1. Residue check: is Val138 at pLDDT 95 or above, surrounded by 15 or more Cβ atoms within 10 Å (Cβ to Cβ), within 23 Å of Asp10 (Cα to Cα) and of a type in the set (A, V, I, L, M)?
2. How many of the residues in the range 21-68 are in contact (Cβ under 8 Å) with a residue 12 or more places away in the chain and either under 18 Å from Leu136 (Cα atoms) or of a type in the set (Val, Ile, Thr) (or both)?
3. Of the conditions (1) modelled with pLDDT under 95; (2) closer than 30 Å to Arg174 by Cβ; (3) surrounded by fewer than 14 Cβ atoms within 10 Å (Cβ to Cβ), Val7 satisfies every one except a single condition; which number is it?
4. If you take the residues in the range 83-95 that are crowded, with 17+ Cβ neighbours inside 10 Å and in contact with a Gly (Cβ under 8 Å, 6 or more places away or on another chain), which one is farthest from Ala132 (Cα to Cα)?
5. Restricting the search to the range 133-148, which residues are small (Gly, Ala, Ser) and touching a residue at least 60 places away in the same chain (Cβ under 8 Å)?
6. Which residue out of Ala87, Ala128, Ala166 is farther than 22 Å from Ile20 by Cα, touching a helix residue (DSSP H, G or I) at 6+ places or on another chain (Cβ under 9 Å) and not charged (D, E, K, R)?
7. With the checklist (1) buried (at least 16 other Cβ atoms within 10 Å of the Cβ); (2) closer than 25 Å to Glu149 by Cα; (3) of a type outside the set (S, T, N, Q) in hand, flag the one item Asp76 doesn't pass.
8. If you check Gly98 against the conditions, is it surrounded by fewer than 20 Cβ atoms within 10 Å (Cβ to Cβ) and among the small types (Gly, Ala, Ser)?
Amino acid sequence: MNSATTVLPDTWALLRVFGIAATMLFSFATVLGLVGPTLPPAPRLLANSAHRFASVLALSLLLGHIVLAVTDAYVDVGPLSVVVPGASTWQPIGIGLGAVAVDVLLAVALTSAGRNRWPRLWRTVHLATPVAWALLIVHGLVVGTDRTEAWFVALNLGCVLAVGLAGIARLSVRRTQLSQGTPKPLVEAR
């Protein structure tokens, strides 16, 4: 759709804003989650705090995005399709990818709440976060109303570039640690 010539209901516009903002914040949180553990103690503490704040804010925006999608009359996205891939009659593949991402993010949020009690479970589940992030990106590029707009594609490419560079930096530090015989866990339990 061309956003310049199409008039959509206000809830649909808000749904789009929530989805885009959530994607940007999840990207920021993912970058911080990848790079934070490689930093010295003081910057690491700041990065971890920003990572948690961005994650909670992104989850809040995602919740708003989901509520608006389920209640909006523009598309047929039922409550079940939020967590069950393939349950949506509208854009089942794209909505299904979003559902898988939501499922992973719910597991991450729940285990994060108990990370001090179950650090190994939290660590294991948390390693799936970049996969959920990638699914969110693809979800937006498949079903997003603005998916053909240059600014939207550029925004998503910027997010992919930032997370990709953060992942490379994290793996580079990990490789150096292994070669020096000082391996640390990929994700530290706190």
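1. Details: at pLDDT 95 or above: yes; surrounded by 15 or more Cβ atoms within 10 Å (Cβ to Cβ): yes; within 23 Å of Asp10 (Cα to Cα): no; of a type in the set (A, V, I, L, M): yes.
So Val138 does not fit the description; no.
2. So the answer is 28.
3. Every listed condition holds for Val7 apart from (2).
4. Step one: of the range 83-95, the residues crowded, with 17+ Cβ neighbours inside 10 Å are 85, 88, 91, 94-95.
The next check asks that each one be in contact with a Gly (Cβ under 8 Å, 6 or more places away or on another chain); those that pass are 85, 88.
On the way: Pro85: 13, Ser88: 19 Å.
Step by step, filter the range 83-95, then rank; the result is Ser88.
5. Taking the range 133-148 as the starting set, the residues that turn out to be small (Gly, Ala, Ser) are 134, 140, 144.
Within the range 133-148, Gly140, Gly144 meet the criteria.
6. Values: Ala128 fails: farther than 22 Å from Ile20 by Cα; Ala166 fails: farther than 22 Å from Ile20 by Cα.
The match here is Ala87.
7. Among (1) buried (at least 16 other Cβ atoms within 10 Å of the Cβ); (2) closer than 25 Å to Glu149 by Cα; (3) of a type outside the set (S, T, N, Q), the lone unmet condition for Asp76 is (1).
8. Values: surrounded by fewer than 20 Cβ atoms within 10 Å (Cβ to Cβ): no; among the small types (Gly, Ala, Ser): yes.
Taking the combined requirement at face value, the residue does not satisfy it.
The values are calculated or read from the model by the stated rules, or taken from the named source; none is laboratory data. Everything numeric in this text was worked out from a predicted model, so none of it was measured. Every residue, glycine as well, gets a Cβ built from its backbone with ideal geometry; the counts of neighbours run over all protein chains shown.
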